[in-house]
Amino acid sequence: FLIDINGQASLLRLNKVYISGLTIPELTDLLNKAYGEFVISPNVVLEIVSYKPIELLIEGEVSNPGRYSLPNIESQKQNFKSLRKLPTLIDVIQESGGLTENADLKNIVVLRNNNLSNGGGKIKSTINLYSALDGSAPRNNITIFNGDKIIVPFTDKPMVSEIKQVMLNNLNPQFINV
């Protein structure tokens, strides 16, 4: 089934069902309960056939702030399962042309939509990307999801060690004004 612009899917016997913001397990539970009125012990299995591009906004100390649409990269099938790679924070910064010399790598803010089952709204996280670049905390290169807003704050005290890591990780802008 396809999900329309209103976040609804047209399903046999159930008509239109609002499914936007649900995870796969949440949707599976919802459909099993709904189809329980028509079938004894339904066993709904969901498989995503294709993914839409990731829409995001990046602001602040990057060369080209703005809205971006990044594709989901689906790698070749291994053991009959398709592997999906979502863009990471580093991927998004590279796509936006790199960081300015006044980017605060230790306080990058990511605003993310919270799942409806977790109360909806937004989640705000502050990410220390420097620790991912220097290898001390690689998990800080977080995965970026649809609807994320990334804010790279300004600092008037850039550190030489940070600039070195930016260059080693290809996050520097194409041109530097002197």
Subject >> Neighbour count of at most 11 Cβ within 10 Å plus DSSP loop: longest trypsin sites (Lys or Arg not before Pro)-free window in the chain >> reply: 78-178
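Work out which chymotrypsin sites (Phe, Trp or Tyr not before Pro) in the chain are exposed loop sites (DSSP not H, G, I, E or B, at most 15 other Cβ within 10 Å) and give the longest gap free of them.
Here the longest segment lacking exposed loop sites spans 81-144.
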**OP:** Net charge near VAL110: determine it from the other residues with C-beta under 11 Å of the C-beta of VAL110, scoring Lys and Arg +1 and Asp and Glu -1.
**Re:** +3
Original post:
In square angstrom, what is the accessible area per residue of segment 3-53 with a 1.4 angstrom probe?
Top reply: 76 Å²
**OP:** Select from PRO87, THR28, ALA9 the residue farthest towards the positive end of the dipole of the chain; place +1 on Cβ of Lys and Arg, -1 on Cβ of Asp and Glu, and compute about the Cα centre.
**Re:** THR28
Subject >> Lysine pairs with alpha-carbon atoms under 24 Å apart, the chain, spacing 8 or more or separate chains >> reply: 19
Original post:
Which residues in segment 16-50 place their backbone N less than 14 Å from a point set 7 Å from the Cα of GLN8 along the Cα-to-Cβ direction?
Top reply: 16-20
Original post:
Which label belongs to the value computed from this structure, given these candidates for Rg/Rh (Cα atoms, Kirkwood Rh): [x] 1.04; [y] 0.95; [z] 1.08?
Top reply: [z]
**OP:** Name the residue farthest towards the positive end of the dipole of the chain from the options GLY119, ASN169, VAL49, assuming +1 on Cβ of Lys and Arg, -1 on Cβ of Asp and Glu, about the Cα centre.
**Re:** VAL49
Original post:
DSSP loop GluC sites (Glu not before Pro) in segment 1-75 with at most 11 other Cβ atoms within 10 Å of their Cβ, which ones?
Top reply: GLU37, GLU47
Subject >> Net charge, VAL92 excluded, C-beta distance under 14 Å - Lys, Arg +1, Asp, Glu -1 >> reply: -2
Subject >> Amide proton proximity set for ASN72, modelled H, under 5 Å, gap of 5+ >> reply: ILE54
**OP:** Find, to one decimal place in angstroms, the Kirkwood hydrodynamic radius of segment 1-40, where the mean of 1/r is taken over every pair of different Cα atoms and then inverted.
**Re:** 10.5 Å
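The values are calculated or read from the model by the stated rules, or taken from the named source; none is laboratory data. Only a predicted model underlies this, so the values are computations on that prediction, with no experimental measurement involved. Methodologically, a virtual Cβ is constructed for each residue, glycine included, from the backbone with ideal geometry; neighbour enumeration extends over all protein chains shown. Accessible surface areas use protein heavy atoms only, side chains included; no ligands, DNA or RNA. Shrake-Rupley method; radii C 1.70, N 1.55, O 1.52, S 1.80 Å.
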